[in-house]
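**Student:** First the structure, then my questions, so here it is.
The values are calculated or read from the model by the stated rules, or taken from the named source; none is laboratory data. Predicted model, so just to flag it, every value in this text is computed and none were measured. Positions of Cβ are generated from backbone atoms using ideal geometry, with glycine treated the same way; all protein chains shown enter the neighbour counts. Ligands, DNA and RNA are excluded from the accessible area calculation, which covers all protein heavy atoms including side chains. Shrake-Rupley method; radii C 1.70, N 1.55, O 1.52, S 1.80 Å.
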Amino acid sequence: QVQLVESGGGLVQPGGSLRLSCAASGLPFSNYAMAWFRQGPGNERPFVASISYNGGSSYYSDSARGRFTISRDNAKSTVYLQMSSLNPEDTAVYYCAAGPTEIPHTGGYSYWGQGTQVTVSS
């Protein structure tokens, strides 16, 4: 079955950096767009970033643009989210997702990981 496994979360001080990874299995990874979403204390899961199947296009939320970079390695079936200049508002569980196109909405994604916690605190 399809599995998306996130890793790389943790506790980081404000202004620090983290790199999240999401390893995929059970699907033709290079055929899928990938995305990162995050969920704080509420029920909403806002879009963070997405990347097309071949890495040729990427999109970011306003809060992520300029601080976060999404990338993928199709040979490793892995997508990454490099995060820098982190602030407490970035604290959330970060989820990766796979879907047919890189739209910035949860409804566009068929497969989801279990999430990795990112906590930004001094």
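**Student:** Which residue, of Arg19, Arg67, is surrounded by fewer than 16 Cβ atoms within 10 Å (Cβ to Cβ), touching a Gly at 6+ places or on another chain (Cβ under 6 Å), among the charged types (D, E, K, R) and modelled with pLDDT of 95 or more? Give the derivation first.
**Tutor:** Numbers: Arg67 fails: touching a Gly at 6+ places or on another chain (Cβ under 6 Å).
None of the others qualify; the one that does is Arg19.
**Student:** Among the residues of region 96-122, what is the count of those that are in a helix (DSSP H, G or I) and crowded, with 20+ Cβ neighbours inside 10 Å?
**Tutor:** So the first thing to find is which residues in region 96-122 are in a helix (DSSP H, G or I), and the list is 106-108.
After this cut, where a residue has to be crowded, with 20+ Cβ neighbours inside 10 Å as well, the list is none.
Residues flagged as in a helix (DSSP H, G or I) and crowded, with 20+ Cβ neighbours inside 10 Å within region 96-122 amount to 0.
**Student:** For Asn87, which of the numbered conditions (1) more than 19 Å from Leu4 (Cβ to Cβ); (2) buried (at least 16 other Cβ atoms within 10 Å of the Cβ); (3) polar (S, T, N, Q) fails to hold?
**Tutor:** Failed condition: (2).
**Student:** Same structure, new question: Using beta carbons and a limit of 6 Å, which pairs, at least six apart or on different chains, have the first residue in region 23-49 and at pLDDT 95 or above and the second one of a type in the set (Asp, Glu) and open to solvent by less than 50 Å² (accessible area, probe 1.4 Å)?
**Tutor:** Between residues of region 23-49 that are at pLDDT 95 or above and residues that are of a type in the set (Asp, Glu) and open to solvent by less than 50 Å² (accessible area, probe 1.4 Å), the close pairs are Ala33/Glu102.
**Student:** I need every pair where a residue in region 80-97 that is in contact (Cβ under 8 Å) with a residue 12 or more places away in the chain and closer than 17 Å to Ser50 by Cα has its Cβ under 9 Å from the Cβ of a residue that is open to solvent by 30 Å² or more (accessible area, probe 1.4 Å) and acidic (Asp, Glu), sequence separation at least 6 or different chains.
**Tutor:** Within 9 Å, the pairs are Tyr80/Asp73.
**Student:** Can you pull out the residues in region 41-72 that are farther than 19 Å from Ile103 by Cα and within 14 Å of the chain's Cα centre (by Cα)?
**Tutor:** Residue satisfying the conditions is Arg67 alone.
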